[in-house]
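The values are calculated or read from the model by the stated rules, or taken from the named source; none is laboratory data. These figures come from a predicted structure and were not determined experimentally. As a convention, Cβ positions derive from the backbone with ideal geometry for all residues, glycine included, and neighbour counts pool all protein chains shown. The protein model used for the area step is the full one, side chains on, heavy atoms only, and it has no ligands, DNA or RNA in it. Shrake-Rupley method; radii C 1.70, N 1.55, O 1.52, S 1.80 Å.
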Amino acid sequence: MKIKHIPLLMLFPLFISCVGEQDDIFGKTPITRLDDALQQYSTLLSNAENGWILEYYPEADKYGGFNLYLNFTEEGEVTITAETAILRQAGETATSLYSLKADMAPVLSFDTYNRILHQFSDPAPDGLGYEGDYEFIILGADDDQIELKGKKRN
């Protein structure tokens with residue numbers, strides 16, 4: 001092969017093209033899928049006739065687990081009660097605001113202070129508290145179970 005043909009061969013890959021069109025695997029844009037998921041989770045949370053039981057493990061190796069009972073409304077309020085051991089008085093409830101947010105994944109956030117829930121993420125008295133969360137990544141959901149993971153402490 002002569003040297004004058006080498007530049008011509010070097011230009012050859014420029015004329016090969018890839019397919020410009022790609023099949024859309026999901027059918028919807030990522031933001032549309034995330035918005036649809038948030039709407040689905042909102043409906044699941046607020047339509048539960050008897051509310052939800054949150055099996056909460058703030059730092060399971062140190063504290064074990066706690067059962068909290070949550071009732072969500074469509075207006076963004078949640079009323080929480082829990083096992084008597086973590087309440088100030090039997091039958092105590094606390095109402096606060098919650099929201100579903102689009103982050104890297106759908107997130108359930110308890111936006112305003114709720115004495116019952118936030119005691120797990122409150123750093124008092126030693127700067128660590130129970131080492132829990134008040135924002136949770138929604139890993140998956142169906143009609144009778146929603147799997148959450150703490151956003152900060154897993």
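Miscellaneous remarks
- Sole exception among (1) crowded, with 18+ Cβ neighbours inside 10 Å; (2) in contact with an Asp or Glu (Cβ under 7 Å, 6 or more places away or on another chain); (3) in a loop (DSSP other than H, G, I, E, B) for D133, by number: (2)
- In the stretch 8-35, residue modelled with the highest pLDDT [restricted to those that are open to solvent by 70 Å² or more (accessible area, probe 1.4 Å) and closer than 30 Å to T73 by Cα]: D35
- Single residue of the stretch 96-154 satisfying the filter (modelled with pLDDT of 95 or more and small (G, A, S)) that is farthest from the chain's Cα centre (by Cα): S96
Here's the yes/no breakdown for (1) in contact with a Pro (Cβ under 7 Å, 6 or more places away or on another chain); (2) assigned to a loop (DSSP other than H, G, I, E, B):
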{"residue": "Y41", "(1), (2)": "yes, no"}
{"residue": "L44", "(1), (2)": "no, no"}
{"residue": "N67", "(1), (2)": "no, no"}
{"residue": "E75", "(1), (2)": "no, yes"}
{"residue": "R88", "(1), (2)": "no, yes"}
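- Whenever a residue of the stretch 25-44 is within 19 Å of A141 (Cα to Cα), its partners that are at pLDDT 90 or above and among the basic types (K, R), lying with C-beta atoms within less than 9 angstrom and at least six residues away or across chains, give the pairs L38/K101.
- One residue stands out among those in the stretch 58-94 that are within 19 Å of the chain's Cα centre (by Cα) and farther than 17 Å from N114 by Cβ: the one that is least open to solvent (accessible area, probe 1.4 Å), which is E59.
- For I146, the stated conditions do not hold, so it cannot be described as closer than 22 Å to S42 by Cα, free of Cβ contacts under 8 Å to residues at least 40 places away in the same chain and crowded, with 16+ Cβ neighbours inside 10 Å.
- Residues of the stretch 100-126 satisfying the condition of being exposed (fewer than 14 other Cβ atoms within 10 Å of the Cβ) and of a type in the set (G, A, S): A102, A105, A124
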